[in-house]
1. Considering only segment 99-148, state which residues are touching a residue at least 60 places away in the same chain (Cβ under 8 Å) and more than 24 Å from Phe34 (Cβ to Cβ).
2. Name the single residue, out of those in segment 37-63 being at pLDDT below 90 and surrounded by fewer than 16 Cβ atoms within 10 Å (Cβ to Cβ), that is farthest from Cys75 (Cα to Cα).
3. Quick check on my filter: what residues within segment 226-257 are touching a Phe, Trp or Tyr at 6+ places or on another chain (Cβ under 8 Å) and either part of a strand (DSSP E or B) or of a type in the set (Ser, Thr, Tyr) (or both)?
4. Looking at segment 31-51 only, could you name the residues that are in a helix (DSSP H, G or I), under 18 Å from Val116 (Cα atoms) and more than 10 Å from the ligand (Cβ to nearest atom)?
5. If Ser62 satisfies every condition in (1) within 16 Å of the ligand (Cβ to nearest atom); (2) more than 29 Å from Arg227 (Cα to Cα) but one, which is the exception?
6. Hey, among Cys109, Cys75, which residue is open to solvent by less than 20 Å² (accessible area, probe 1.4 Å), assigned to a strand (DSSP E or B), more than 17 Å from Phe261 (Cβ to Cβ) and of a type outside the set (D, E, K, R)?
7. If you go through segment 133-168 one residue at a time, how many are closer than 26 Å to His87 by Cα and within 10 Å of the ligand (Cβ to nearest atom)?
8. Can you pull out the residues in segment 136-175 that are among the basic types (Lys, Arg) and not in a helix (DSSP H, G or I)?
Amino acid sequence: MAGPTELAGGGVKETAAEEEPRVLEPGAAPFGNFPHYSRFHPPEQRLRLLPPELLRQLFPQSPKNEPILGLDVGCNSGDLSVALYKHFLSLPDGETCSDASRELRLLCCDIDPVLVKRAKKECPFPDALTFITLDFMNQRTRKVLLSSFLSQFGRSVFDIGFCMSITMWIHLNHGDHGLWEFLAHLSSLCRYLLVEPQPWKCYRAAARRLRKLGLHDFDHFHSLAIRGDMTNQIVQILTQDHGMELICCFGNTSWDRSLLFFRAKQTTETHPIPESLIEKGKEAGNRLRFQRQ
Ligand SMILES: C[S@@+](CC[C@H](N)C(=O)[O-])C[C@H]1O[C@@H](n2cnc3c(N)ncnc32)[C@H](O)[C@@H]1O
């Protein structure tokens, strides 16, 4: 996994994706539950690729003043969740509370209770962001917790799901079928999806890190049939198997991860997709080759 190496002078430099971010990485983190993830993958790198007006354009305020509902899966300690919230509402730095919670509400979940505890403690917008401990692959708990959140708003699906740098961990821990199911659940739960898949080189780096620490290999690493160009693989699964369409790729972060934006095909569109996104979508379609590998 890419990460910065601390330099003698106190600065940081990006290492190649397969190098070990030794200084900041305290352990193997088998679920990607790194305690200080945002220090080596800062939210800003992703935010600068995302148009701040995106959500307001897709979901102009409803007459009933219903908030936009977002789901952040694998939120870690909440740094990216908070940054996304501020970015899409264009809140200035330093703002700690706002009545914007009426406009956007995020349910943020992570498998690691220690990270969730920290996220709750440090969140500057407790009315707008709800953090819960949830193994998203546990069907029963997922259904109970997500339905309970959605029912507060009289809704059955989220407007948008954020799935940022988590697909690899689901894939390594639950295999091909697990990844397929994970994407199926997300597609059925969200009208729009923003997905940042990890490239295959990160899988090799994660497996090597475990070996170096003398720990067991990931159960599924050697038997994965879905491999290679993970961006295309995920586009394939979502568009061919799970009824999503790729609207656009917002670009690539400096550590070589694409930000892919999808929409559920059956979404009844009351507001057209902005022209600028359609253009980006065409570019993405040219760049990504949608072929099963
Ligand atoms: C690499 S971090 C990404 C954090 C954040 N989304 C970001 O991009 O900055 C992956 C996160 O996914 C969480 N995770 C892994 N498997 C999970 C699961 N089955 N259910 C919920 N969270 C999970 C990990 O605990 C970890 O915090």
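1. Of everything in segment 99-148, just one residue is touching a residue at least 60 places away in the same chain (Cβ under 8 Å) and more than 24 Å from Phe34 (Cβ to Cβ), namely Leu146.
2. Pro63
3. Thr239, Met244, Glu245, Leu246, Ile247, Cys248, Cys249, Phe250
4. Within segment 31-51, the subset in a helix (DSSP H, G or I) is 37-40, 43-47.
Those still in the list that are under 18 Å from Val116 (Cα atoms) too: 37-39, 43.
Within segment 31-51, just Arg39 meets the criteria.
5. Result: Ser62 fails condition (1) only.
6. Details: Cys75 fails: assigned to a strand (DSSP E or B).
Exactly one residue qualifies, and that residue is Cys109.
7. Of the residues in that region, 10 qualify.
8. Going residue by residue through segment 136-175, those that are among the basic types (Lys, Arg) are 140, 142-143, 155.
If the condition is that a residue be among the basic types (Lys, Arg) and not in a helix (DSSP H, G or I), then Arg155 is the only one that fits.
The values are calculated or read from the model by the stated rules, or taken from the named source; none is laboratory data. Given the structure is predicted, the values throughout are model-derived calculations rather than measurements. We place every Cβ from the backbone using ideal geometry, glycine too, and count neighbours over all the protein chains shown. Ligands, DNA and RNA are stripped out before the accessible areas are found, and what is left, the full protein with its side chains, is counted by its heavy atoms. Shrake-Rupley method; radii C 1.70, N 1.55, O 1.52, S 1.80 Å.
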